Amino acid sequence: MTVESTAARTSRRSAGSKAGTTGTKSRGGARKSADPELVQLLTPEGKRVKNAEYDKYVAGITPEELRGLYRDMVLTRRFDAEATALQRQGELGLWASLLGQEAAQIGSGRATREDDYVFPTYREHGVAWCRGVDPTNLLGMFRGVNNGGWDPNSNNFQLYTIVIGSQTLHATGYAMGIAKDGADSAVIAYFGDGASSQGDVAESFTFSAVYNAPVVFFCQNNQWAISEPTEKQTRVPLYQRAQGFGFPGVRVDGNDVLACLAVTKWALERARGGEGPTLVEAYTYRMGAHTTSDDPTRYRHDDERVAWEAKDPILRLRRYLEAANHADEGFFAELEAESEALGKRVREAVRAMPDPDHFAIFENVYADGHALVDEERAQFAAYQASFADAEGV
C-alpha cells in the first residue's frame, strides 16, 4: 500500500468542501487521491507545522494541556491493551481494539463541551475516557453482564452501538431536536470507513443537510472495514462525499492529536453557530485486528502496518514534548506508574463483575407483559432448576 503524504497544505474550498486532487489507480482498481489535502499540525517526527486556518483553535494550548493529551492517549492505549489481554484469557467474549486510533479519539473527544452529546460505535474507548466514563464500565457488555454499563445522560455519551451506522441517524435526530429547542450545543457521531457505505449514513447526511442540524460526523478512516479496504468502499476520498450533500468535508491526519483537536473544535463551533453539519475524516490506521475474533494477517501485508508504526500518535506527541522541553523524565515515569495502576484496576474490576440475573432477559420485552414471554420464562425456570436437581443426585 502506498502511504499517502502527510504534508500540510493550504486550504482551498469548493462549494463548501475541501477539494481533493486527481486520483490514481490503486489496490482493487479503484481511484484514490495521490496527494489529498490533509490537515496536519504535528509531523510524525514531532515537528510543529503551521496552518493558517486551524492554528487559532490550538493557539492557546498550554504545556500542561499538551501533557494532558499525552496522558489521555497513553492511558487509553493501556486500557485497550488490558482489555485485549482479558479477552485472550477468556474474561471477555470479544473486544474491539482502538490501537493506532488514539489521537483521532482523544483529539476529537477533548474538543467537545460538557453539554455536547456524543454518539459512538463500539470502538470509541478514548472518547469515552474524555467524556468521563469509567473505563471499567465499557467492559460489562463485552463480558455479557449488562447492556451497556453507564447512564448516557450522566456524561452525554450514548451507549455503544453494535448495528453499523445506525447511530448516525440517532445523532441527526437528536441534533434536529437541539436546533428546535434553541440549545447552544452540538452533537458528534462517530463511525468508521466501513460504516460510510451503510444507507443509514447517507440518510443522516441528507436529513442533517436539509434541516441544517448541528451535528459533526466524525469518520475514523482506519482503511480496513474488517477485511475490506477503503478502495472497495469508495471511488473518492471519504471527506469529499459531504460536498454532494451540501456541507463541508475535511480530511485530517488522524494520528495527529493537535490537528484532530483543532479541526473538531472548528466543526463543533460551526454546528453551535447554526452553520449546520460537517464531515471530518480522520485518516488513520487500525494497527491491530478489527476485533479479537479477527486475524488481519489473512488480508493485509505486514509492511503496511510497519509503515504506519512510524506515524504512531503517542510517539509523535512525545517527541514534540521533549523537543519543546514541555515534559521531563519524571513526568513519563509518573505516567508509567499510573498506567500500571490502571491496568491492575481494570483486571480486578472485570473479574469482580457479578453475573447478571438470569431472568432479566424477560424483563421489558413488552410494556404490559405477554403470555408467550411468560411461557418462555417458565420453561427457562424449569431448565435452570434441572441443574440444581442434577447436583442433588
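The values are calculated or read from the model by the stated rules, or taken from the named source; none is laboratory data. This is a predicted model, so every value here is computed, not measured. Heads up, the Cβs are rebuilt from the backbone with ideal geometry, glycines too, and the neighbour counts pull from every protein chain shown. Areas reflect the complete protein model, heavy atoms only, side chains present, ligands, DNA and RNA absent. Shrake-Rupley method; radii C 1.70, N 1.55, O 1.52, S 1.80 Å.
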For region 369-393, how many residues are of a type in the set (Phe, Trp, Tyr) and open to solvent by 60 Å² or more (accessible area, probe 1.4 Å)?
-> 2
Cβ pairs under 9 Å, 6+ apart, first in region 373-384 and on the phi < 0 side of the Ramachandran plot and free of Cβ contacts under 8 Å to residues at least 12 places away in the same chain, second part of a helix (DSSP H, G or I) and among the aromatic types (Phe, Trp, Tyr) = VAL373/PHE362; ASP374/PHE362
Which residues, taken from region 201-243, are at pLDDT 95 or above, open to solvent by 60 Å² or more (accessible area, probe 1.4 Å) and either within 21 Å of SER185 (Cβ to Cβ) or assigned to a strand (DSSP E or B) (or both)?
-> PHE207, VAL210, TYR211, ASN212
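Table: residues versus (1) surrounded by fewer than 22 Cβ atoms within 10 Å (Cβ to Cβ); (2) closer than 22 Å to LEU99 by Cβ; (3) among the acidic types (Asp, Glu); (4) modelled with pLDDT of 95 or more.
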{"site": "GLY126", "(1), (2), (3), (4)": "no, yes, no, yes"}
{"site": "PHE142", "(1), (2), (3), (4)": "no, yes, no, yes"}
{"site": "VAL145", "(1), (2), (3), (4)": "yes, no, no, no"}
{"site": "GLY148", "(1), (2), (3), (4)": "yes, no, no, no"}
{"site": "LEU159", "(1), (2), (3), (4)": "yes, no, no, yes"}
{"site": "GLY165", "(1), (2), (3), (4)": "no, no, no, yes"}
{"site": "HIS170", "(1), (2), (3), (4)": "yes, no, no, yes"}
Selected residue (only one of ALA324, ALA259 is buried (at least 19 other Cβ atoms within 10 Å of the Cβ) and among the small types (Gly, Ala, Ser)) = ALA259
Can you name the residue in region 80-102 that is among the hydrophobic types (A, V, I, L, M, F, W, C) and closer than 22 Å to LEU258 by Cα and is also most open to solvent (accessible area, probe 1.4 Å) among such residues?
-> LEU99
Only one of ASP374, ASP295, ASP312 is farther than 30 Å from GLU228 by Cβ and of a type outside the set (A, V, I, L, M), namely ASP374
Just checking, which of ARG316, ARG347 is open to solvent by less than 40 Å² (accessible area, probe 1.4 Å) and basic (Lys, Arg)?
-> ARG316
Scan region 126-160 residue by residue and report those that are under 13 Å from the mean Cα position of the chain (by Cα) and under 16 Å from ARG345 (Cα atoms).
-> TRP129
Quick check: is even one residue across region 90-100 in contact (Cβ under 8 Å) with a residue 60 or more places away in the chain, over 20 Å from the mean Cα position of the chain (by Cα) and in a helix (DSSP H, G or I)?
-> no
Evaluate region 355-368: report whether one residue or more is acidic (Asp, Glu), open to solvent by less than 80 Å² (accessible area, probe 1.4 Å) and touching a residue at least 24 places away in the same chain (Cβ under 8 Å).
-> no
